[in-house]
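Since the structure comes first, as structure tokens, the remarks are kept for the end.
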Amino acid sequence: VPHGGTPRPAGDRLGLPVLTLVDTPGAANDEAAEKAGVGAAIADMFTAVAAARVPVTTLLIGEGGSGGALAFAAPDRMWVTPDGYFAVISPELAAAILKRDPSQVRATADQLRLRPQDLVELGIARGVATGIETTDQATAR
């Protein structure tokens, strides 16, 4: 990125559409991560996806947690697999912050509306990508 310039995905330079696959619990949020520039890298990724001149599509293939996952998510062009979820916070952490008993994690997850069908209903995802076999499913055979 030129000094003061806007970061651009490689697809822009090559004129190719970009597909991001998201499966992350999120970026580390400790002191070491902050010193290493994780926050700035996430901000740069938000800017790059928003400024892309080529189509950027996201496929959420598992966990989509926190700012790390949000930064890779293309607005209006995200799809989710049937076992994926997308949230700024995990149900366990949300329950802890709200000082709920650990038995309330499932209810908290319901309230967060992070499941594939919720993401579609909320307009966050375009749809649920079916017919995709995950590594876990393939090795289970």
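The values are calculated or read from the model by the stated rules, or taken from the named source; none is laboratory data. Remember, it's a predicted structure, so these values are computed and weren't measured experimentally. Neighbour counts run over all protein chains shown; Cβ positions are idealised from the backbone, glycine included. Note: accessible area is taken over every heavy atom of the protein model, side chains too, but ligands, DNA and RNA are not part of it. Shrake-Rupley method; radii C 1.70, N 1.55, O 1.52, S 1.80 Å.
Here are some notes:
- Relative contact order [Cα under 8 Å, 6+ residues apart], the chain, whole percent: 22 percent
- Only protein heavy atoms count here; under a 1.4 Å probe, Phe46 has an accessible surface of about 90 Å².
- Dipole moment magnitude, nearest 20 debye, region 16-87 about Cα centre, only Lys, Arg, Asp, Glu C-beta charged: 320 debye
- Accessible surface area normalised per residue over the chain is 62 Å², counting heavy atoms of protein chains with a 1.4 Å rolling probe.
- Apportionment of accessible area to carbon and sulfur, region 51-127, percent (1.4 Å): 57 percent
- Angle in degrees between helix 38-51 and the longest Cα principal axis of the chain, rounded to the nearest 10: 70 degrees
- Calculated mean residue ellipticity, 222 nm, the chain: -10500 deg cm²/dmol, from DSSP H runs (n ≥ 4) at -39500 (n - 2.57) each, averaged per residue and rounded to 500.
- Potential lengthening between Thr57 and Leu122 on full extension [0.36 nm per residue; Cα-Cα distance subtracted]: 21.6 nm
- For Cα extents along the principal axes in Å, calculated from these coordinates, the label among [x] 50, 40, 31; [y] 48, 43, 25; [z] 38, 36, 30: [x]
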